[in-house]
Amino acid sequence: MKEIRFHGRGGQGAVLAARMLAIAFVAEGKCVASFPMYGFERRGAPVVAFTRLDDKPIQEKTQIYNPDCLVVIDPGLMNLPTLFSGLKPEGILLLNSPRPLKNQPSDNLKLAGVVNATQIAVEEVGRDVPNTCLLGALAATTGWVGLKSILSSLEEYFSGDLLQRNIRSTERGFREVKVLRW
Amino acid sequence: MVIRRKFSSKYEAGWSDADELLLCLDTGSWRTKRPVVDKEECNYCGLCALYCPPQCMLNLEDYFAPNLDFCKGCGICAKECPRGAIAMVPEGEFADEGAKR
Amino acid sequence: MKVRKGEIKVITGNAAAAYGAMLCRPDVVASYPVTPQTEVGEQLSRFHADGILDAEMVEVEGESSSMNITAAATLAGGRAFTATSSWGLMFMYDAMLQAAGFRAPVVMANANRETPGILAVSCGQQDMVSTRDSGWVLIVVENCQEILDSVIMAFRLAEDIEIQLPVMVNYDGFYLSYLAEAVEIPAREDVDQFLAPLKLQPERTKLVPGKPLGCGTHGILVEFMELRYKHCAALERAKQKLDEIDKEFGEFFGRSYGGQIEEYRTEDAEIVVLASGSAAGTARMVIDTKRAEGLKVGLIKLRVFRPFPRERLTQALKGKKAVGVIDRSVCFGWNCGPIYMELRALSPDIGFVPMMSFIDGLANMDISIPHIERVIDEVYAASQGKSYQEVTWIPLEE
Amino acid sequence: MTQKKKKLPRVFEYFRDEDQFAGGVAFCAGCPLELTLRILSKVLGRETIIVGTPSCSAPVLYGQNIGTWHRLPYYSCLMTGVASSATGLVRYYRKIGKDVTVVCFTGDGCAADVGFQPLSGAAERNENFIYICYDNEGYMNTGVQRSSTTPFGASTTTTPVGVARRGKEMSAKNLPLIMAMHRVPYVATATMSHLEDFIKKLLKAKEKKYEGFVYIHVFSPCPVGWGIESDSAIQVCRMAVRTNYFPLWEAERGRFHLTHTVATPRPVTEYTKLIRKFRHLSEEELARLQEEVNSNFAFLHHLAEFETPKAC
């Protein structure tokens, strides 16, 4: 089983990203469970979302304590003291940031994909919605899911011009992500 | 569960059915005064029948008279009669009529 | 018969409830926003806007009204659905008692949420427990697929001429309401066929213009006792009906849930954990781990809280050495879990073995894997004759 | 006795169905509520479905165990659920294409107080039914407690007259105006002294309900709770109209029209002197009541004169 924890802020699409990723996994025959943890839905407030994937049905309905992968949608959240808590050894980080990672932010981190998703989203989608771009970056960095599946999952939530813009944003995330290994 | 007693209602829930049981109160017995219509004075205008809350003024073709089975003796008919043709007479005066009401 | 495979979609528990309702073609839908259930109403409105749901959608001004509207619609002869959570459930409580008393076959989804303050925006079954004696059928489910399937089964149960009771399908708020999983959505025609027996049964008594029938007579004395007697008898009948409908659903759609209870590895189990809702899924995993370690432990998932599955539980628990109950709510005045308290009432039937109450998961606390491991360890110790604490508030007590 | 002395009033011609109620039902002697219901059943006919609540009308409208006092179908519910239950009924009948007249029949306590939320909600949604509120200015069924439509000064069991208090201190909530402000197809006031007016409004309501929500506010004195003689309710109704204490009007989607104008309104004291609940009022208090009557009527008059400015 792989466990992914998303960190974002209300309005950035963390919950939606977790769901679209789940759809992509299902398209590839995986079993998934994805859920957010928040009370009131407020733009700007920190949001955590979880996605589990496995080859067999997922029974547990608990929060994720030891993620294999972190997806940080808001670069500001890198300062969150608990961001890396519970991260498994050999862990993976997906980060939306305009700047490259200077050093290994956690000893448990083996792999990181950094992409300037905000800028790409602004350029392609026209708004600061970095979520789909990060999904493209996730596909490239982890190899857990194909870009094609991610792109098809976008169709569940977008259509027409907005879909095309998000597809471009996702593809750029896939191409432009800088992968670091430790 | 074994039902030892016959249910009074054929319905599963609380339904009433007027075809099965239409209730009626003996409101005629509530009366302490009785409207007595002076047929000569009555000009058949119908206001007593119109305003009668239990709608129990009987239309007797050229005058009105209360259905004493239901008349509660409120006196609205007497009060509303423009000709003062209805008198409210204490029921005691009819006591000897007994069950005839 | 086995039907065609349904479409697989990744949807949330709330959406699953809405899909379940939509597939049953309700005549009237009314629901009021309340976290974490709001999405059910939104999704149904979306279905309606997209022309998929041909229902009267009532955008109500409060939960009390959703319940009154749906109850009245069913007593006029229609099919009605509503959804709520927490305070919303409490706000419609008067109407809920009336709906049950009138035997209005409303189906309601309830995303379980805590109630002590308005900021208790978190999971807990206290809302459902607070409606225990409302006369409703209270179903509790574990995952998104089960939400969808249970809503469909709920209509079969509610509108069965032998039952005629409102049914509430409860699922853990947040943990399930927002959980996105792959869910198989049955074809509408197949759901039609599954519900078809409802059309073949004698018509329920309904309010018809011009017919001198009145609904909700006051009820005093023995006639009132009759109503209560019939209501209780219907709840008793509902138990077997739940099992039958679940079995039929399994034959139809290839998924079944055990009816009143689901037993998991209980046959040769010496000790049993009794859980409900989303925690049952986690518990099943932990049972597997403990089994692998050689511990003979099984799980019973309680699928219906009212009527209480007395006979099935007695049968399943006879001969077991100890039972632990995980409750996501409390029984005020007993200082234990409500399901535990109910189970204790079965002691004379089951045998006086150690029974232990574990309170966990209130207000979004995780009923985590270590917590359930601890439950199993403590129940096992009790089964071995060790002294034990009857009630444990897991996160608060070491 | 040889010649027919007078032609019956036209009102009789509006009766299209028999009285659907049993001859003897449990309303107090002289209560105009009984008249309202019997007339309603004669005018609207037996296809009407009644929805109502615990109230003075409940022991008559909602049966007793398996028995019932009338032949109209009815749905009895809680005070918090009248307008919503009616919504459930009309929505289902609409879904199956059945033409039904659903009439909510409640007191002012339900309509103005505890049942106001669903009433306002149903009006805003413009549900297709008729809501009739009989206003006896308090909770009469439970023994004369004040409601939000109890007028200034009135003595009730919860606004008693004593050394420290002299009846209700606040003014009555003007529920029919509030309902008219929902701009629904039809809102009207009525009272039993003006029966033809009431019947015409009922018939109009039956038509208007195809357009949506209809509200009729019926002024209904309570002989017991107000302290009036059992023969005087109609007289009190009439005096309420003649003093402009209770003006008769209708409003179609917020357009007001007085259905009965009083050439020279009588002073309100001619009304209050008929009623024991006002007996303790001082001259100052009566003056305040008169002032309220004047200002309420002036406001209504303005509304009736008001013309929506044409768009430029």
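Every number in this text was worked out from the coordinates using simple rules, so none of it is lab data. These numbers come from a predicted model, not from an experiment. Heads up, the Cβs are rebuilt from the backbone with ideal geometry, glycines too, and the neighbour counts pull from every protein chain shown.
Data for the structure
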{"item": "Cα-based reach from B:LYS79 at 22 Å (exclusive), listing lysines while leaving out same-chain residues under 8 positions away", "result": "B:LYS33, B:LYS39, D:LYS5, D:LYS6, D:LYS7, D:LYS273, D:LYS277"}
{"item": "Extension gain, C:GLN193 back to C:PHE224 (0.36 nm per residue minus Cα-Cα distance, nm)", "result": "7.4 nm"}
{"item": "Pair-distance profile P(r), taking every C-alpha pair of chain B, with 5 angstrom steps and integer %", "result": "2, 12, 19, 17, 13, 9, 6, 6, 6, 5, 3, 2, 1, 0"}
{"item": "Chain C: angle of helix C:144-158 to the longest principal axis, Cα-based, in degrees nearest 10", "result": "60 degrees"}
{"item": "Net charge of Cβ neighbours under 9 Å - reference C:ARG303; Lys, Arg +1; Asp, Glu -1", "result": "-3"}
{"item": "Cα centre as origin, Lys/Arg/Asp/Glu Cβ charges: region C:251-304 dipole, Debye", "result": "180 debye"}
{"item": "Per-residue average of Cβ from other chains inside 10 Å of D:192-201", "result": "1"}
{"item": "Chain D: DSSP helices with Cα axial extent of at least 30 Å and average Kyte-Doolittle hydropathy no lower than 0.5", "result": "none"}
{"item": "Ranked list, fewest to most other Cβ atoms within 10 Å of each Cβ, for B:CYS77, A:CYS31", "result": "A:CYS31, B:CYS77"}
{"item": "Cα-based convex hull volume of region D:107-208 per residue, rounded to whole Å³", "result": "104 Å³"}
{"item": "Along each principal axis, Cα extent of region B:38-91, largest first, Å", "result": "23, 20, 17"}
{"item": "Average partner coverage of B:27-37, which counts Cβ from other chains inside 10 Å", "result": "2"}
{"item": "Alpha-carbon spread of region C:262-393, three principal axes, descending order, Å", "result": "37, 34, 29"}
{"item": "Spin-label pair B:GLU40/A:LYS110, simplified geometry with 7 Å Cα→Cβ offset, distance in nm", "result": "12.0 nm"}
{"item": "Region A:2-181, relative contact order in percent, only Cα pairs under 8 angstrom and at least six apart counted", "result": "22 percent"}
{"item": "Least to most buried among A:LYS148, D:LYS277 (fewest other Cβ within 10 Å first)", "result": "A:LYS148, D:LYS277"}
{"item": "Taking region A:67-130 and dividing mean pair separation by its residue count, relative contact order in percent (alpha carbons under 8 Å, at least six apart)", "result": "30 percent"}
{"item": "Helix-only CD estimate at 222 nm, as mean residue ellipticity for the protein assembly as shown, using -39500 (n - 2.57) per DSSP H run (n ≥ 4)", "result": "-10000 deg cm²/dmol"}
{"item": "Residue order, fewest to most surrounding Cβ atoms within 10 angstrom, among D:PHE219, A:PHE84", "result": "A:PHE84, D:PHE219"}
{"item": "Tail fraction, Cα-Cα pairs, the protein assembly as shown, threshold 60 Å, whole percent", "result": "23 percent"}
{"item": "Rounded tilt (10° steps) of C:38-49 against the dominant C-alpha axis of chain C", "result": "30 degrees"}
{"item": "Charge dipole magnitude, Cβ of K and R +1, D and E -1 - chain D, Cα centre, debye nearest 20", "result": "660 debye"}
{"item": "Sequence-distant lysines (8 or more away, or on other chains) whose Cα lies within less than 23 Å of A:LYS110", "result": "A:LYS2, A:LYS88, A:LYS102, A:LYS178"}
{"item": "Proximal charge balance of C:MET90 [Cβ under 12 Å; K/R count +1, D/E count -1]", "result": "-3"}
{"item": "Among the listed pairs C:LYS241/C:LYS301; A:LYS56/C:LYS318; C:LYS247/C:LYS290, those beyond 25 Å (Cα-Cα)", "result": "A:LYS56/C:LYS318; C:LYS247/C:LYS290"}
{"item": "Coarse-grained scattering of chain D at q = 0.11 Å⁻¹, given as base-10 log I(q)/I(0) from a Debye sum over alpha-carbon atoms", "result": "-0.67"}
{"item": "Neighbouring partner chain Cβ atoms per residue of D:121-131, average, 10 Å criterion", "result": "2"}
{"item": "Unit charges at the beta carbon, dipole of the protein assembly as shown: most positive-side option, C:VAL141, B:PHE70, C:ALA30", "result": "B:PHE70"}
{"item": "FRET E, pair D:GLU207, A:SER85, Förster distance 60 Å, beta-carbon r, rounded to 0.05", "result": "0.30"}
{"item": "At R0 = 22 Å, FRET efficiency that the Cβ-Cβ distance of D:ASN126 and D:HIS257 yields, to 0.05", "result": "0.65"}
{"item": "Relative contact order (%) - criterion: Cα under 8 Å, at least six apart; region: chain D", "result": "15 percent"}
{"item": "On Cα atoms only, tilt of C:279-292 relative to the major axis of chain C in degrees", "result": "30 degrees"}
{"item": "Cut-off 10 Å between beta-carbons: net charge of the residues surrounding C:ARG132, Lys and Arg +1, Asp and Glu -1", "result": "-1"}
{"item": "Highest-fluctuation residue, D:TYR14, D:TYR245, D:TYR62 considered, GNM on chain D with Cα pairs under 10 Å", "result": "D:TYR14"}
{"item": "Of D:HIS182, A:ALA112, D:GLY52, farthest towards positive along the dipole that unit charges on Lys, Arg, Asp, Glu beta carbons give the protein assembly as shown", "result": "D:HIS182"}
{"item": "Cα convex hull volume per residue for region D:164-205 (Å³)", "result": "77 Å³"}
{"item": "Size of charge dipole - the protein assembly as shown - debye, nearest 20, with Cβ of Lys, Arg +1 and Asp, Glu -1, no other charges", "result": "720 debye"}
{"item": "Of D:PHE256, D:LEU203, D:PRO267, farthest towards positive along the dipole that unit charges on Lys, Arg, Asp, Glu beta carbons give region D:168-277", "result": "D:PHE256"}
{"item": "Interatomic Cα distance distribution for chain A, bins of 5 angstrom, percent", "result": "1, 9, 18, 23, 23, 16, 7, 2, 0"}
{"item": "Residues of type lysines that D:LYS201 reaches as a straight line, Cα spacing below 17 Å, ignoring anything fewer than 8 places off in the same chain", "result": "D:LYS42, D:LYS209"}
{"item": "Cα-Cα separations in region D:182-304 greater than 20 Å, expressed as whole percent", "result": "47 percent"}
